[in-house]
Amino acid sequence: MMFTKTAVLGAGTIGASWAALFAASGREVTVYDPAADAEARVARMVEAAAGPLAELGWENAGDLSRIRYTADPADAVVGAGFIQESVPERLDIKHDLYARIEPVLEPGAIIGSSTSGLMLGQMQDGFANPGRLVLAHPFNPPHLIPLVELMGNDRTDPDVLDAAQKFYEDLGKVCIRLHKEVPGHVANRLQAALWREAIHLAAEGVASVGDIDRAIAHGPGLRWAIMGPSLLFHLAGGDKGMRGLAHHLGPAFETWWADLGTAHLTPEVVEMLVKGVDDEAAGKSVAELADQRDRVLLGYLKTRAALA
Ligand SMILES: NC(=O)c1ccc[n+]([C@@H]2O[C@H](COP(=O)([O-])OP(=O)(O)OC[C@H]3O[C@@H](n4cnc5c(N)ncnc54)[C@H](O)[C@@H]3O)[C@@H](O)[C@H]2O)c1
């Protein structure tokens with residue numbers, strides 16, 4: 001097993017979930033988070049994730065004995081081969097943390113930052129030698145969703161990205177590589193593009209917020225979870241594949257693209273969305289909906305693993 005000793009810096013929504021997965025995989029985890037209730041939060045997450053992670057085959061799911069807590073980030077990284085940084089999305093906080101850990105990092109240690117929106121280049125400026133910092137953006141909750149968006153650049157040491165990818169793959173993750181810095185990386189930009197059109201359609205009165213959600217969840221969203229849009233359109237092109245599809249449906253797509261709308265989260269639009277999701281939720285709380293999402297997600301992940 002690679003990197004048997006890990007550190008999790010910042011143990012909120014994302015860091016606690018990473019800690020649960022690292023521990024479930026049999027790794028030792030040292031957690032640093034300045035919040036007074038961080039230890040209790042991590043324990044709750046490990047407990048909540050234990051059932052799903054056990055169902056996914058992680059033999060050490062729920063094992064809190066592999067997790068140690070410290071009030072000092074430098075202490076957290078001493079001896080750690082892989083460090084997952086999930087502190088708040090502020091460059092000053094990330095830079096301050098990097099300055100505190102850099103003097104005591106193991107020579108071969110890799111730091112993966114969970115950042116959703118900061119640029120790798122900006123984050124690298126927090127290190128005297130940024131060669132072992134990579135962008136490693138997960139999707140919430142990281143202990144269940146496989147995707148990790150990985151990025152290094154010309155300041156990244158050779159082999160660091162490959163080693164990071166191997167580490168995440170050992171944890172059952174699916175990595176993609178970004179070759180250029182763009183705000184929002186790849187997956188959040190795709191979500192943003194689709195949500196923009198969903199909001200536009202609802203604001204224009206084409207369909208309700210709930211029906212637009214159902215159109216995705218019970219239509220293309222099911223297929224996208226299996227293959228992604230380009231490969232699916234390759235299938236839609238029949239014997240001629242993508243070339244046939246581009247020839248046959250290309251002109252229609254060009255017309256639709258030209259007509260796509262835009263969205264702004266004005267107070268009126270936000271009220272429309274709030275009413276729309278309240279109608280959809282039909283009295284279910286956010287926690288109940290999240291539970292439903294995670295139960296179905298787990299079923300999907302197990303089915304996919306069994307059929308792959
Ligand atoms: N929430 C998401 O859906 C999501 C998804 C992917 C990536 N991310 C990224 O993960 C990172 C963490 O986001 P989150 O949603 O878990 O935030 P969060 O607010 O839930 O957790 C942040 C944690 O960091 C702790 N913290 C505060 N100051 C700190 C410091 N100086 N050093 C160490 N820890 C400190 C806080 O006590 C808190 O527990 C961000 O970079 C974010 O962009 C978030």
Among the listed residues Glu85, Glu102, which satisfies the condition of being acidic (Asp, Glu) and closer than 29 Å to Val296 by Cα?
Glu85
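Kindly evaluate Asn60 against the criterion of being crowded, with 16+ Cβ neighbours inside 10 Å and closer than 17 Å to Trp18 by Cα. Break it down into steps so the answer makes sense when it comes.
Values: crowded, with 16+ Cβ neighbours inside 10 Å: yes; closer than 17 Å to Trp18 by Cα: yes.
Against the criterion (crowded, with 16+ Cβ neighbours inside 10 Å and closer than 17 Å to Trp18 by Cα), Asn60 qualifies.
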Kindly check whether there is at least one residue in region 154-170 that is at pLDDT 95 or above, of a type in the set (Val, Ile, Thr) and in the same structural domain as Leu21 (by TED's automatic domain parsing).
yes
Among the residues of region 1-37, write down those that are free of Cβ contacts under 8 Å to residues at least 60 places away in the same chain and among the basic types (Lys, Arg).
Arg27
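Looking only at region 76-101, which residues are at negative phi and more than 13 Å from the ligand (Cβ to nearest atom)? Walk me through how you get there before you give the answer.
Initial filter on region 76-101 (at negative phi): 76-78, 80-101.
Listed by number, the residues that qualify are Val78, Ala80, Gly81, Phe82.
Being within 15 Å of Phe22 (Cβ to Cβ), assigned to a helix (DSSP H, G or I) and not hydrophobic (A, V, I, L, M, F, W, C) is the filter here; which residues of region 63-95 pass it?
Taking region 63-95 first, the residues within 15 Å of Phe22 (Cβ to Cβ) are 63-69, 76-77, 79-86.
Now restrict to residues that are assigned to a helix (DSSP H, G or I): 64-66, 76-77.
Across region 63-95, the qualifying residues are Ser65, Arg66.
Please tell me if Val148 is buried (at least 17 other Cβ atoms within 10 Å of the Cβ), outside any loop (DSSP other than H, G, I, E, B) and away from the ligand (no atom under 13 Å from the Cβ).
Answer is no for this residue.
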Selection count, region 264-302, where residues are assigned to a helix (DSSP H, G or I) and small (Gly, Ala, Ser)
5
Unique match (being surrounded by fewer than 23 Cβ atoms within 10 Å (Cβ to Cβ) and in the same structural domain as Ala35 (by TED's automatic domain parsing)) among Ala74, Ala136
Ala74
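Give Arg66, Arg90 a once-over and let me know the one that is among the basic types (Lys, Arg) and surrounded by 14 or more Cβ atoms within 10 Å (Cβ to Cβ).
On the way: Arg90 fails: surrounded by 14 or more Cβ atoms within 10 Å (Cβ to Cβ).
Just one listed residue meets the conditions, Arg66.
In region 19-46, which residue that is closer than 19 Å to Ala287 by Cβ and among the charged types (D, E, K, R) is nearest to the ligand (Cβ to nearest atom)? Explain how you work it out, then say what you get.
First, the residues of region 19-46 that are closer than 19 Å to Ala287 by Cβ: 20, 37, 40-46.
With the extra rule that they be among the charged types (D, E, K, R), the set shrinks to 37, 41, 44.
Numbers: Asp37: 9, Arg41: 7, Arg44: 12 Å.
Step by step, filter region 19-46, then rank; the result is Arg41.
One line per residue, one yes/no per condition, for (1) of a type in the set (Phe, Trp, Tyr); (2) in contact with a Lys or Arg (Cβ under 7 Å, 6 or more places away or on another chain); (3) on the phi > 0 side of the Ramachandran plot:
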site	(1), (2), (3)
Gly219	no, no, no
Ile226	no, no, no
Pro229	no, no, no
Ala236	no, no, no
Asp239	no, no, no
Leu249	no, no, no
Phe253	yes, no, no
Trp256	yes, no, no
Ala263	no, yes, no
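Name every residue in region 110-142 that is part of a loop (DSSP other than H, G, I, E, B) and touching a Phe, Trp or Tyr at 6+ places or on another chain (Cβ under 7 Å), in order of residue number.
Restricting attention to region 110-142, the residues satisfying the condition of being part of a loop (DSSP other than H, G, I, E, B) are 114-119, 125-129, 139-142.
Answer for region 110-142, where residues must be part of a loop (DSSP other than H, G, I, E, B) and touching a Phe, Trp or Tyr at 6+ places or on another chain (Cβ under 7 Å): Gly126, Phe127, Pro142.
Quick one: would you say Asp154 is within 22 Å of Ile101 (Cβ to Cβ) and either more than 16 Å from the ligand (Cβ to nearest atom) or of a type in the set (Phe, Trp, Tyr) (or both)? First the steps, then the outcome.
On the way: within 22 Å of Ile101 (Cβ to Cβ): no; either more than 16 Å from the ligand (Cβ to nearest atom) or of a type in the set (Phe, Trp, Tyr) (or both): yes.
The answer is no for Asp154.
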Looking for whichever is of a type outside the set (Val, Ile, Thr), part of a helix (DSSP H, G or I) and within 11 Å of the ligand (Cβ to nearest atom) here; the options are Ala49, Ala16. Which one fits?
Ala16
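The values are calculated or read from the model by the stated rules, or taken from the named source; none is laboratory data. If you're wondering where the values come from, they're calculated on a predicted model, not measured in any experiment. Please note: Cβ atoms are built from the backbone with ideal geometry, for glycine as well, and neighbour counts cover all protein chains shown.
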